[in-house]
Every structure is written in C-alpha cells, then in structure tokens.
Number of protein chains: 2
Amino acid sequence: MDFVHTTLGQRVLFGSGKAAIHVAGEVRRLSAGRIMVVASSRHEHLAETVCRNLDVAHWFDQVVQHVPVETVAAARAAAADHGVDLLLSVGGGSAVGLAKAIALTTGLPIIAVPTTYAGSEATNVWGTAAQRTKTTGVDDRVLPASVVYDATLTLSLPAGLSVASGLNSLAHCIDSLWAPNADPINLALALEGARALTQALPRITRDPQSLEAREHALYACYLAAVAFGSAGSGLHHKICHVLGGMYNLPHAETHATVLPHVLAFNAPAVPELAARLAASLGRPAVAGDEPAESAVAALGSFRDAVDAPRRLADYGFSATDIPDAVDRIRQVAPPSNPRPVTADSLTALLTNALTGTAPAPHSRLGSRLN
Amino acid sequence: MDFVHTTLGQRVLFGSGKAAIHVAGEVRRLSAGRIMVVASSRHEHLAETVCRNLDVAHWFDQVVQHVPVETVAAARAAAADHGVDLLLSVGGGSAVGLAKAIALTTGLPIIAVPTTYAGSEATNVWGTAAQRTKTTGVDDRVLPASVVYDATLTLSLPAGLSVASGLNSLAHCIDSLWAPNADPINLALALEGARALTQALPRITRDPQSLEAREHALYACYLAAVAFGSAGSGLHHKICHVLGGMYNLPHAETHATVLPHVLAFNAPAVPELAARLAASLGRPAVAGDEPAESAVAALGSFRDAVDAPRRLADYGFSATDIPDAVDRIRQVAPPSNPRPVTADSLTALLTNALTGTAPAPHSRLGSRLN
C-alpha cells in the first residue's frame, strides 16, 4: 500500500424536486449576491426551475460543446461586466465546463446543477478547445463548491442516451481499477459506483420515468466521476480517446463498445480486482469461479440487460483503420497497465470490438487476446 | 435519496517506512518553515524518526489523554512563542487532539502522523476537557491538511490493543449504517472499511509484525473515521458513551462488547443494509439467507477469529446498573434509529451484553430483544 490520495472537498446535495431550495441555501451559505447562470438556451426551462428562488444578475446561454476559447472569453467578460460573485451552471458537461473555464482565471465559486450523467461537476479537471486543439488541465479552483443533484431534472434525458451516458460512467469505474493513480480509496468509490449503476440502468431502460432509478444513476455517476478524477485515465480511456480523435467516433457509443474488451484483456492479470468487480456487478464469487471470467460475464449480463452497443463497425470504424489506431494507442497506453499492451494484443482487441465478437478473458482462451 | 454530504478535502499519504519523506514533502508543499511537533515523550523515538528530514522549531511533549484545557493553553502559548506556522502531530488520538485544539484558535495547518487506529486525524471534530466536563465541536479548521500513514510506526502497538482499537473502528463502520447523517456515500466508505478490517485484524492477531496486515488495518481505520465523521453517532456510540461516562468502563472493550448486540437489534429493521454488511464482513448473500442473521453471524465469526471481548461483567458493569443506564440511553438514543429504542429492548440488549449471551437478530427469535 503505497499511494498519495487527494480527497477534494465538496458539498453534494441530493433531493428530487429540491434543486431550487438547495441552490438558494448554497447561495446563502457562500454569501453570494451576484449570480451568473451558465445554461444553454436548450436548458432554459430547467434553469428557470432551478433559479426560481434567486435574483440572477446575468444569464449566459452561449453554451457550446467542447468549451471553445471564444465562448470562454465572452463568458469571462460577461462575468466581469456584471460584477458576478458566483457561477451557477445548469446542464451537462458543456455548461459546467464553461463555468470551470471562467473560474480558472477568476476564482469565482461554482454551484453545479447537473442534468446529465457526465460527471464533470465532481472533478477539478478543466478543458477548452481552440481550433482543433483541446487543452486540458487540473486546478482546484475549477472544482464546484457545491453540486446539487435533482433527479427530476434528468427525467427528460431519453432512455437510450441515459444508457450510453451510464455506460460511459461505468467505464470510469472499471478503468479506475488499473488507471495510473489507482489506489484503494478511489477503487472503493469506483466499485460502489459500478454496483449502483448496475442496479439503476436496467431499471431506467424499463421505466425512464422511475425517479428512484434516476436518483441511483445520478449517485452512481457522481461516484464514478470522483473515482475517475482521482485515478486518472487507464487503458480504456486512452483507446477511446485515440478512436474518437482519429476517426471521429461517437463518444458514449465508443466507450460502451470497447469496455468489455479492455476488461477481458486486463481482468486475468488482476484476479482480486476482477473478483471484487464481479461482486459489484452482481455476481459474488463462489468456489471454483475464475474471477476474470466472472467479471466479464457479469459485465456481459449487464450489457444485455441494457442492450448496449456492440460493434465499432456500426459507428464508422473499419478493419483498415486498425493498424494506425494500434500504433497510436501503443504510444499513449499507460505504463501502469496490468498487462503489457502489445501490437498483437491491441489488434485482437480492436478486431473483436469492431465485429462485436463476444469478449472472453485471456486466461481460458490462450493467446487469442495476447 | 435525500441527503447533504460534505466531503472534507484532505491529502492522505500511505507508505511503509516513508513517513519522514512524506512529511518533508508535505511541509514543502504547505510552504511551512516553523514546525512544532506535538508528540508525547512516550512517542519520542517515533517522532524523531518522522522528523529526521526536518528543522523543528519546537517540541511539545505535554500530551495528556482527553486534551485538558490547561495543556491546550500551554500548547497555544508555545506555538505563539516560537512563531510556529505548522503543527506536526505524531501519536494517537491525544496528540492529534491537542494539535486540533491549537488549530481551532490559531488556524495553523496540521500534518498528522497516526501511530494508532484512533482515526481522529480524518475528522473535523475537536474535543477538550475541563474538570470533568468534555466539550466537543466541529470546525473545518481542525481537519489536518495532510495525513501521513506509515505502518512501520504501528508495529509496536500490541496485538491485543490493536484488536480492541480495530473493533472500535469496526463500530465506527457499523454504527454509520444507521447514524443520524447516514447517506449512501458514507455508507460506501463504511462498508469498505468493514471489509478491509475483517481481513486485516485476524492477520494481526496471528502475526502482529505483518506489515501488510498493519497497512490494511490503517487504511480501514482511516475509512471508518471518514465514514463516522460524516455519518455521526448512532445508537451504538450513544450506548457506549453512556456506559463509559456513568460507569467508567474501558472505551475500546465496551465498544467491542456492545457492538454485536446493537447489530442484532437493528439489523432486522434494515435488511438491505444488513445484506451489504454481511457481504463486506465476508459472507456474500446466498438464496434463502436471512440478511440480519447473515450479518450477525458474519460479525460473530470475525469476533471469534480475533477473540473479541464478550462480557461487560468483565469490566465492572453489573445487572444493578442496567435500569439507570437504560434511562439515560433512552434520553440520548438517536430518533433516526431504524427501530424504536424501548426500555424493554434496551434492558434485553444490555443484559445480553453483560452476560455475553450470543446475540441473535430479533427476526427469528421473536421478542427476546424487543
């Protein structure tokens, strides 16, 4: 046990239908009087619900994906012009991402009200985009002081998008097992996130209006984000970033498709973690279990229950893309990965993900993934 | 899901044999130059090991149990006299408790190096004693900025004391399940703490010099303290505080003896939590299990493995003390307890704890504990 773990101080307020009350309470607690709301016009009615007990100094609705630097400049200027002393973001990753970019230079506190499962509200990671270049960084000033979760705000998130986003969160949890800064503390949070997600997501596919399932999904995605923010990007995220960047594959679907193959690849090298993951995914160990197989089977059952995406071929990736992708992934694969990431093993992994071949752990299937 | 959870920001550094390196790194990170060490003369050699890379401005070794106000005054004066800008505590709860009392009025940052499993280093709770009156409070200023865990510093803790202290930590975990501020986040930390403790403590009883077991115990007790600091005192702690205060019973032994009886009382009212606790204690649910019985049996097996204390009668408590204790406990029992705390149920609970009757959950045994 040799690690350094930084726990980020943050208040998290959970309550369905309570966003307006919780936000007003946090504004008072933070002694703020000049609030700038950061919410896209698409989320205007949700933001109005959230702000119904507040005097708002300025509404900033120019929220764009990937946080372009031009938008950031405009938002910082608006905050200065209106003498703002607190940022209130309402929406998904783009809204809180813009609030973080403002806080980065101004130090303004943020109250984040998430309406998706993106999880950015629980991390100190910021990112902006200039032209085609993305810049990211870590700064405690961008961590929202308070996060207000209200599952009623997520009821309009379609079931399909909820599942894709939830699977993205599950990837946060599972990749945390072997990420560069993995430690027992973020592992515990990741496993609890995986447990709660496994219970919540199938219920959302059956009944997208289930407030209880939505609450558990929000809770799980929050934990997933805390774990991932602490553990960093593991092999899975490196693969998905390469695929997203080089071939413009859709974010959530890429994560959903690649995840079981990375698990099948890594699980045999970390049997104790695999056993704990399997238990979190609803398959407690019994005598004679092969932990890696249990974990892969548990993820497979869960993916069946939510009808998860299966083939990268469905999203524009093709067999001819594999060699270049393998080269690029090998350059960025974390040295901490529990198994060496070879060209052969990556080629096998991507080929299976391309065609939707059922993943199976290496331990029983010889060199297929090796 | 309706709760407010405050995560306290703190850095935790784990590494056996690394205390001196980690402390020196944290001193640099906090830009401190005038360090006061708070460590009892009994811990002098441990403190010297920890400080071997530091210039120490002042050593304060007047560390007394329960943090008497006279000692606090002397320590605050010493910090002022020596122009101290950082407090470094080395030792158990009394050392960090004194550092917290200094920080409460001075705002000085604390680096805590625990040498026991007390857990105070992970909370924002402070306490001082004047005459026979204890004053406690909560203030974020007393939370150590950094905690440096080095299991080599705990090797001299005798096995018996390690078990008693570890069982005290397990009580932190289990009481967190139904404490007044219990929420899913502190529950997850509590269950992980219980899991790790259940694995570590029996190994320490078999081999007190096992560094790996000591590391896991430290880690578990840290999580237990974080969970308990967040969830607050549940029924178990209220009972033990009354018994300790009124009859001067020994702290750790009282906790160890009372815990299974409180679990047997509450578990039938919270079957889902009981099932999760049982799994954490090493007994995953199988079909047909009664969760409360599983949890009680799992705790029983664990207690057998570490030869836990069983009878309050061994520590000076007697049957004639029960009526007064029941009266007092009923006044302080948390209204949030999952079962109503009646005079009859408390009398039965204390009678069983007095005589060491094996606890059994109410669900199968009718009214015995009701």
Practice item. Could you tell me which of the residues A:147, A:69, A:96, A:125 is open to solvent by 20 Å² or more (accessible area, probe 1.4 Å), aliphatic (A, V, I, L, M) and under 17 Å from the mean Cα position of the chain (by Cα)? Key: A:125
Check your understanding: When you look at residue B:188, is it within 14 Å of another protein chain (Cβ to nearest Cβ), in a helix (DSSP H, G or I) and in contact with an Asp or Glu (Cβ under 8 Å, 6 or more places away or on another chain), yes or no?
Key -> yes
Check your understanding: Of everything in the range A:283-298 that's away from chain B (no Cβ under 11 Å) and surrounded by fewer than 22 Cβ atoms within 10 Å (Cβ to Cβ), which residue is nearest to residue B:286 (Cα to Cα)?
Key -> A:287
Practice item. Report the residue count in the range B:170-209 for those that are open to solvent by 10 Å² or more (accessible area, probe 1.4 Å) and either over 30 Å from residue B:4 (Cα atoms) or of a type in the set (Lys, Arg) (or both). Key: 9
Practice item. Within the range B:300-317, identify whether any single residue is open to solvent by 40 Å² or more (accessible area, probe 1.4 Å), within 30 Å of residue A:278 (Cα to Cα) and free of Cβ contacts under 8 Å to residues at least 12 places away in the same chain, and answer yes or no. Key: yes
Check your understanding: Restricting the search to the range B:329-361, which residues are part of a loop (DSSP other than H, G, I, E, B) and open to solvent by less than 40 Å² (accessible area, probe 1.4 Å)?
Key -> B:333, B:334, B:337, B:339, B:341, B:356, B:359, B:360, B:361
Check your understanding: Out of all the residues in the range A:114-155, which are part of a helix (DSSP H, G or I), over 20 Å from residue A:203 (Cα atoms) and among the small types (Gly, Ala, Ser)?
Key -> A:120, A:122
Revision key, fill the gap. Given (1) away from chain A (no Cβ under 13 Å); (2) in a helix (DSSP H, G or I), residue B:179 misses just (2)
Exercise for review: Kindly indicate whether any position in the range A:161-169 is more than 14 Å from the chain's Cα centre (by Cα) and surrounded by fewer than 23 Cβ atoms within 10 Å (Cβ to Cβ).
Suggested key: no
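Before we move on, is residue B:280 of a type outside the set (Val, Ile, Thr) and without any contact (Cβ under 8 Å) to a residue 24 or more places away in the chain?
Values: of a type outside the set (Val, Ile, Thr): yes; without any contact (Cβ under 8 Å) to a residue 24 or more places away in the chain: no.
No, not satisfied.
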Check your understanding: Scanning for something surrounded by fewer than 19 Cβ atoms within 10 Å (Cβ to Cβ) and modelled with pLDDT under 95, does the range A:210-217 turn up at least one residue?
Key -> no
Exercise for review: With the condition kept exactly as written, say whether any residue in the range B:200-207 is farther than 16 Å from residue B:305 by Cβ, within 12 Å of chain A (Cβ to nearest Cβ) and at pLDDT 95 or above.
Suggested key: no
Practice item. Could you list, in sequence order, all residues of the range A:1-31 that are over 30 Å from residue A:232 (Cβ atoms), open to solvent by less than 50 Å² (accessible area, probe 1.4 Å) and either at the interface with another protein chain (Cβ under 7 Å from one of its Cβ atoms) or touching a residue at least 24 places away in the same chain (Cβ under 8 Å) (or both)? Key: A:15, A:16, A:17, A:19, A:20, A:22, A:23, A:24, A:27
Review point. Is the range A:341-354 home to any residue that is among the small types (Gly, Ala, Ser) and under 30 Å from residue A:200 (Cβ atoms)?
Key: yes
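The values are calculated or read from the model by the stated rules, or taken from the named source; none is laboratory data. Bear in mind that the values here come from a model prediction, so they are computed numbers and not experimental data. All Cβ positions, even for glycine, are placed from backbone atoms using ideal geometry, and neighbour counts span all protein chains on display. Keep in mind that these areas ignore ligands, DNA and RNA; they rest on the heavy atoms of the full protein, side chains included. Shrake-Rupley method; radii C 1.70, N 1.55, O 1.52, S 1.80 Å.
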